[in-house]
Every structure is written in C-alpha cells, then in structure tokens.
Amino acid sequence: MAVKNEIIRLEITAVTSEGNGVGRYEGMAVFVPQTAVGDVIEARLVKICPRYAYGRLEKLLSPSSDRVQPDCPVFHLCGGCSLRHVDYPAELRIKRRLALDAFVHIGGFPETVCQKIVGSSRVNGYRNKAMYPVRREGEEIRIGFYRRRTHEVVDAAGCLLQPPEFSQIAGVLRQFLKETNVSCYDERTGKGLLRHLYLRRAEVTGQIMVCLVLNGARLPHAERFLALLDGLPFSIETVVLNENRKNTNVILGEHTTVLRGSGKISDLLCGVRVELSPESFYQVNHDAAEQLYRYAGQCAGLNGSQTLLDLYCGAGTIGLSMAGTLRALIGVEVVPQAVENARRNAQENGIENARFLCADAEKAAAQLKREGVRPDVAVVDPPRKGCSSQTLETLADMQPSRIVMISCNPATAARDCRLLEKMGYPLQSVTPFDLFPRTMHVETVCLLSKLKAE
C-alpha cells in the first residue's frame, strides 16, 4: 500500500480538467500538477484516498516532447495558468480531448461529433480584464493573484496574459499606496480599505478603465492617485470606485462612483459598438470571441428572414452581432442591468429590429406564445451550470428549426445536448474554441437541428 510522503516513479498518461497530470501506481490514479503527457517523473505522495492520490513533482526523469520551459517566473506559485509548461499545440490537443471526453462519456455521443479545435491567435496579452487582489504584508505590497487553493496573494501584476498597460497601472497603485499609506483589506479581520484593482481595456478603441474596489465609500488622496495615472505613457478613459463592505469573495459591490470620465468605456465586437461598465459581462479574449460569434452565426444558417431568440443574452453582444442577417432579434436575460445595457447597445448601433425581455426562459416563452411569436433559430449561452431541464423543455416547445448552444463547460453542455436530443433536436456537431490560452477553460459551439443541418 502507498503511504504519504512516499516517493514513487510515475508515467503521466493523461491530463484532467483541472490541469493535473495523471499516472497509475499500484492500480491507483495519481494526480500531479504541472506535468505533461509523456513525462516520466518521481512524485511525492501528499494525499492518499481510497481509490486515488495526489502527488507533487519531485524530479523529472524523462520529459515529455510537449514540455517547454515556463516563461512566467511565478507560474509555480500563481493559480492563474495551468498549461504554461506545455507548448500550444499540446494545449489544444488537451482541450479538444476534454471536450471530446465530455460528449462521449457524459453525453453518449460518437467521437465523430467533435470537430477540430479552433485556437487563439494570441496566447499572451489577450485578456482585456484583470481583477487583482491587493494586500499589504509588512512593508511589501502585493498586487496579483491567489496562490493555488489558498487566499495568499502572489505578486503577479506583470502577468503575461494581460496587456502591458495593466502592469504599469499596478505599479502606479503600488507607488500611491507607499506614498499615502492607504490601508489594504485583510480578509481575516474585515478591516482595511483597498480590496481589488480592477482593470478593463477595449481591444479596438484602446480605452482603459481603472476601478478600485474599496471597503468603504471614498479614497483618501484621490487627486494624488489621478495625478500618478496622468504620468503614464497612455491615457486612462475613466476611473471609478466600487464600494464593497461585505465579507464575501464576490469582488464587486452594488454601488459605484466616478472619479474621472463617464464611468464607462466602449469597444467594437463584430462591428457592434459595445458599452462597458464595471459590471458588464464581456468576453475577455476579443479576437477569439469574434471568431466564435461568427462561427455561431454560420451554424445558425441566417438568411435575413428569420427571427432569432438569444437566450441568456447578457448585454446582447451575440444577438446584436447577427442582427444584420435577421428579420427580428429577441433577447432574453434575467439580470435587469444587463437588459438595460443590451437595449442601449442596440440603440447606439442603430439596430431597430431587436428587443430585449427581462425575464427567465419560461416567462419569456409564455409571453412570446401569447404574442404568436415563434423563433426560427435559438442561440443559447448559459452559465457554467448549464440549463435547467425546464428551460430546455421550454426551448424545445418553441420549436425553432435550429439551436446553437455556446458553452464554457463541456460537461454541462454534453448533458444538456443529450436532453435536447431526446426532445427532438439531434446534435449535429461540437466545435471547441480556445478563448483562454494557458488555462484549462475551453468553450464549445454545439449545433442541434431538427433538420440534417451542417
């Protein structure tokens, strides 16, 4: 029997959805972070359960051909990336396998349903949003991300996934805190003012938003902070303060005040101008999102005569990107602020064939049925937990000819596609998209159709 702290020889044969390499020892699966398929290693067993164990890489005996030297100095500490130790082609193979396994083993679909994965044009600098926790440890100010499975902040404001401007803004904040001695939040006591540095950058317009999340309503020496930002070699479109006094891991509070600018920035996505506030949902990889949206539009088979239902529409970006090839667009979203953003985005883009309902799927379906409206095509972009069975039944009852499901969780997507197939919507294809290089996240676009559609 294996024992804790025993050092074992292990060959890595697979990678889990969390990014851990997997090998087998005495019939037991052993999970080891930061290993690659083909690695032969010595691992120290750090946790042993009845049917599996967790190990820590002690020595690399024979490296995988996929392995590369990590290019980030804090990769072994920070919890932001999982796959920086393998080359990008290997990463894409891992992600396609994750999607394939979910649809085969959870959904019960044949392997042929899963298409080639669509990679990202950039693996570094692609993220247009960062939320850095800020902590003060004695004289040291840490701005970065949480260490894996802890709430200890690793100083990583120079993260390679973010645009270079973010690192410079973090440097300004560090200087401001040292000059003014403004306090940083302590989760253990609930005291201290500054909780997070939240940054957004619009890819096309280049506009940047700086948001400080505070355990309070005002920032002491705010004019000094603005003056330091003015010294940067680029302009800041708007600076806002978000108030969050709750003892919670939810980053944003409900109240935001503006220090400078309008409190918003704007960007272009698939030719649609999108207004972004701190609370707005927006895909973090702009260029890859455009690829995904265009492909989803192709799957929808739009010809200008159809009515499209955009379910879980958020700020309306998916549906609005397709509005020019539609007779009518109906967006449904349960979050009131998102619906307001969607309506404003439609108005600012001069899109007159769109309307947005603030309701859940069942109530929206009942309203549309009373109006005699039946969508020809539905686009569904649910949260990670997927759709409820009732939502899927409601969707099927509306009888669209095609359903295009965009999902950030292959497991729940496979489950939901299996249910839809039982309701008369066979799954035609699954195409994985990599919107989050160097992490384990993978998106899928699923086409389900009453017709034999391609």
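The values are calculated or read from the model by the stated rules, or taken from the named source; none is laboratory data. Note that the structure is a prediction, hence the values are computed from the model and not measured. When we count neighbours, we look across all protein chains shown, and the Cβ atoms used for this are built from the backbone with ideal geometry, even at glycine. When the accessible area is computed, the model is the full protein with side chains, heavy atoms only, and any ligands, DNA or RNA have been set aside. Shrake-Rupley method; radii C 1.70, N 1.55, O 1.52, S 1.80 Å.
How high is the relative contact order of the chain, in percent, with contacts defined as C-alpha pairs under 8 Å that are six or more residues apart?
Taking the mean separation of contacting Cα pairs over the length of the chain, I get 12 percent.
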Taking 345-355, 206-216 and ranking on average Cβ neighbours within 10 Å, highest first, one gets 206-216, 345-355
At R0 = 60 Å the Cβ-Cβ FRET efficiency linking S62 and Q298, nearest 0.05, sits at 0.85
Yeah, the range 215-285 with a ≥ b ≥ c from its alpha-carbon gyration tensor (a/c under 1.5 is rounded, else prolate when a/b outruns b/c, oblate otherwise) is oblate
For the range 345-454, averaging the sequence separation of alpha carbon pairs under 8 Å that lie six or more residues apart and dividing by its residue count, the contact order in percent is 23
Quick calc: nm separation of the 7 Å Cα→Cβ label points for K363 and R327 -> 2.8
Check: C-alpha center the range 157-181 vs C-alpha center the range 255-292, spacing in Å is 21
Given (1) 21.7, 67; (2) 22.2, 71; (3) 23.8, 69 as possible values of Rg and Dmax of the Cα atoms in Å, the one from the coordinates is (3)
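What length, rounded to one decimal in nm, is gained on full extension from E6 through to E348, with 0.36 nm per residue of separation minus their alpha-carbon distance? Intermediate results must be reported in sequence, preceding the final value.
Values: separation 342, 0.36 × 342 = 123.12 nm, distance 6.33 nm.
My answer for the length gained is 116.8 nm.
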Checked the range 274-316 with the C-alpha gyration tensor, a ≥ b ≥ c its square-rooted eigenvalues, rounded below a/c of 1.5, otherwise prolate if a/b is larger than b/c and oblate if not; verdict oblate
Order by accessible surface, 1.4 Å probe, largest leading, for residues V377, V37, V22 comes to V37, V22, V377
Checking rank on 195-204, 222-231, 12-21, with mean other Cβ inside 10 Å and highest first, the result is 195-204, 12-21, 222-231
From the Cα centre of the range 45-66 to that of the range 86-140, the distance in Å is 22
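Which FRET efficiency value, to the nearest 0.05, do you get for E279 and N247 by plugging their Cβ-Cβ distance into 1/(1 + (r/R0)^6) with R0 = 22 Å?
With a Förster radius of 22 Å, E is 0.60.
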Rounded to whole angstrom, the alpha-carbon centroid of the range 376-423 lies from that of the range 302-321 at a distance of 15
Residues of the range 6-44 with backbone N under 19 Å of the label point set 7 Å from the Cα of E111 along Cα→Cβ are 13-17, 37-38
So the FRET efficiency between A227 and K450, C-beta based with R0 = 51 Å and rounded to 0.05, is 0.25
Heavy-atom accessible area of the range 204-343 with neighbours in place, 1.4 angstrom probe: carbon+sulfur share in percent works out to 49
Carbon and sulfur atoms account, in whole percent of the 1.4 Å probe accessible area of the range 37-162, for 52
Simple SL model, points at 7 angstrom along Cα→Cβ for N124 and E421; separation in nm is 4.2
Once both label points are put 7 Å beyond Cα along the C-beta direction, the A217-S183 separation in nm becomes 1.8
Residue-normalised value, i.e. accessible area per residue, for the range 105-201 at 1.4 Å probe, in Å², stands at 47
